[in-house]
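Participant: The structure follows.
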Amino acid sequence: MVTTGKYRLWRKNRLEPAIIFISLLAGYLIGSISFARIGIRFSGVNKDISELLIPVENAKEDARVEIYGANAASMILGAKWGIAIGIMDMLKAAVPITFFRYILYPSEPYYLIVSIGVLLGHNWPLYYGFKGGRGFSVIFGGLVVIDWLAAVILPIIGILFGLFIAGNMMIGYVGWLLFMPLWLWTRTIDLTYLLYSVIILILFFISTRPEITTMNRYRNEGKLDNYMIGLYESSPRWRGMKRMQDKMNQLGKKRHIIGLFVAVGIILVFLNLNPSVI
């Protein structure tokens, strides 16, 4: 084991391959449960999640929604159902991660492998032809167990960064994910957590490839703005993001001044993090 003072750069004990496999498989099978599809089925709505379309003006056909999670379900069922399904997705990750961390293997990071397995199952579910969501709620549910302080602070940092520094609410929406590797590394000085967060980030962005492909197609056709309008109007979550973006745009040059203070604040937060074994 390599250490710096009381902090470790890598975990001391070697993980057992059999337990790694079991952890990954258990997480994957649990993650493959699609509460978005279950919620739609039990709501009585006579519509399948795969039938969702995003209206695009001046296009031959509307854009098909290809990522099936809580946000997609909210397009059909509304905000309350979307929130409920998002909470179920968070619990889908938090419960098995808690079980592995505090009951089965409290001294080893198998729970991180479970978290990766849940995300894999959610995004590429075994029971639904490997067509799932992005895993936004799943990652957050896991983060609550892994480091609750990150779950409180990172979303705030992400939104402020997106609104006042990047000037894009889309970046604000995923900003907490972008800061997660730096946060977990700064908090632990442990390469295990850094590797975990990088894998989670890679899996998340791989899962968004269908959306990125669709956006690139409409950009090439000169219809990206129309697509984004349709996207923002498609669900309560996106409409809320659009309102925040509009308010930010109204600030004009004041946004850059606020952005400077936000940048300083973010830097101070990371500089004042005390490394510890979380």
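Participant: For region 64-221, what log10 I(q)/I(0) values come out of the Debye formula at q = 0.08, 0.10, 0.13 1/Å, with one point per alpha carbon and no solvent?
Facilitator: -0.24, -0.38, -0.64
Participant: Once you place label points 7 Å from the Cα toward the Cβ at Tyr128 and Ile19, how far apart are they in nm?
Facilitator: Each label point is offset 7 Å from its Cα along the Cβ direction, giving 3.2 nm.
Participant: Out of these labelled values of Rg and Dmax of the Cα atoms in Å, (1) 19.9, 63; (2) 19.1, 68; (3) 17.3, 49, which was calculated from the coordinates shown here?
Facilitator: (1)
Participant: May I pose another question? Among all lysine pairs in the chain that are eight or more places apart or on different chains, how many have alpha carbons less than 26 angstrom apart?
Facilitator: Pairs that pass both the separation and distance tests number 16.
Participant: Something else: First select every other residue whose beta carbon is under 13 angstrom from the beta carbon of His122; then total the charges, Lys and Arg +1, Asp and Glu -1.
Facilitator: +3
Participant: Can you give me the distance in nm between label points at Glu233 and Ile258, each placed 7 Å from the Cα along the Cα-to-Cβ direction?
Facilitator: Here the modelled spin labels are 2.6 nm apart.
Bear in mind these aren't lab numbers, they're just calculated from the coordinates by the rules spelled out. Since the structure is predicted, the reported quantities are computational estimates derived from the model, not experimental observations. Counting neighbours? That spans all protein chains shown, and the Cβs are built from the backbone with ideal geometry, glycine included.
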